[in-house]
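Bear in mind these aren't lab numbers, they're just calculated from the coordinates by the rules spelled out. Keep in mind it's a predicted model, so treat the numbers as computed, not measured. Here Cβ is always computed from backbone atoms with ideal geometry, including for glycine, and neighbour counts include all displayed protein chains.
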Amino acid sequence: MRETDADITGSERLVQQFIDQELSGEDRVRLLVQLGRDQALREHVIDLERLALDTARLPRPAVPDDFVARVMQRAAPAPSGWRRALDALWAPRSLQWNLAGAAAVAAVLLVAISGIMILPRANPQSSPLAATESPAPVLVRLVVLQPDAKSVGVAGDFNGWDPRRTPLEPMSGGAWTVTLSLPPGRYEYMFVVNGDEWVGDPLAVEQNDDGFGLRNAVLDVRPPAETTL
Amino acid sequence: MTRDEAADDEALVRASQRGDQEAFSLLVSRHASSILSVTTRMLGPVADAEDVAQETFVAAYKALPGFQLDSKFSTWLYRIAVNKCTDVLRLRKPGTVSLDETDENGGARWEPADDETPHWSLEQGELAWELDRSIQALPPLYRESFVLRHVEGLGYDEMSAILGVQRDTLKMRVYKARNLLCQALAHLDGVRR
């Protein structure tokens, strides 16, 4: 493929520069003189000018109404419900706390975290299924911050993973809470926000993969006699 | 595109790079017509053209973090679009199409529009249809240069940045494309004049 202009005649080069509007004043005069003398060249220039004009006037294809939406869907698909739940859980948010609410939540958090963390780990074999006796149940309070939620439930080993069976109650400051009475053992659970968004518990000291890309919180409930308080 | 529009693009690109999807959707909206125009002229008015136009923006979105704004956003987009069109054209004629392979007249793969009897009563729409079809019959290298020059109205410097080809080479391709199109449309002279 030859792509140099070595073989273009002087007049052709002038014509192309004329179409591209790159002619100097002197060259434009030179071309006009040639066009006056050469009818074939004149018709050729008219053809080229008309081609440029017709091409510039070609109708542009209509952009479909949903073009942008489809591009965005392909470029940045909306996250799944699970992903949204995780994002919502970890996204920084500003909370409007009132003093009473803050104090209440702080107290509840202290109770809940204490209840989970300071229990001794002397009975790692314990589990709901492994328990052969019926030790006294232990009260455990769960707390989660979900200021935008309309409802929050908890689903876990203790309720057949049915969040409808264990709804949380809203507190001031966007916190939700529930008190469970559980036999000693290890339980996994997740919160369910607005009926369908499964979220982990960021306050849990232990977490396990749930097999679906999220992490279940682990609640290790010990008999009261084993506490170190 | 004016300097102000380019500056607006730059601000939208920077916002997009910070994760602002609304900013990127504005960029898509702003450039959709141009990109769809290029892909349609290059590939023909088929589903491919719209799909490739979408792919162009998707590819741009994914590559956005690495875009240093060392060229205009529109130049970068055109480059992606032309590359994607080239990929599609290669796939359409496997084993037979080399985009570097044209004879000196571009005649090896030049197909005249057709040998219809001239329609002396052609309306403008029909003329546009003939012209469009003739553009799409140009050898791909000539076609991309002609489309960017005369459909999109770009200058040779920007075309050089898009295609990575020297100005003089591009001028030669456009020159040959013009001559081929004039020949292809010669039978319409009666209605064009």
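Looking across the stretch B:20-44, the residues that are without any contact (Cβ under 8 Å) to a residue 40 or more places away in the chain and within 9 Å of chain A (Cβ to nearest Cβ) come down to B:Q21, B:S25, B:L26, B:V28, B:S29, B:A32, B:S33, B:L36, B:T40. Assessment of the stretch B:50-60 against the conditions (within 13 Å of the chain's Cα centre (by Cα) and either among the hydroxyl-bearing types (S, T, Y) or part of a loop (DSSP other than H, G, I, E, B) (or both)) yields at least one matching residue.
Across the stretch A:64-74, the qualifying residues are those that are charged (D, E, K, R) and at the interface with another protein chain (Cβ under 8 Å from one of its Cβ atoms), and the one among them that is farthest from the chain's Cα centre (by Cα) is A:R70. Taking only the stretch A:17-26 into account, find how many residues are surrounded by 15 or more Cβ atoms within 10 Å (Cβ to Cβ) and either without any contact (Cβ under 8 Å) to a residue 24 or more places away in the chain or assigned to a loop (DSSP other than H, G, I, E, B) (or both). Of the residues in that region, 3 qualify. Pairing residues of the stretch A:158-179 that are on the phi > 0 side of the Ramachandran plot with residues that are of a type in the set (S, T, N, Q), at Cβ distances under 8 Å and at least 6 apart in sequence or on separate chains, gives A:G173/A:Q96; A:G173/A:N98; A:G174/A:Q146.
For the stretch A:45-63, what are the residues that are assigned to a helix (DSSP H, G or I) and either within 7 Å of chain B (Cβ to nearest Cβ) or surrounded by fewer than 18 Cβ atoms within 10 Å (Cβ to Cβ) (or both)? Across the stretch A:45-63, the qualifying residues are A:I46, A:D47, A:L48, A:E49, A:R50, A:L51, A:A52, A:L53, A:D54, A:T55, A:A56.
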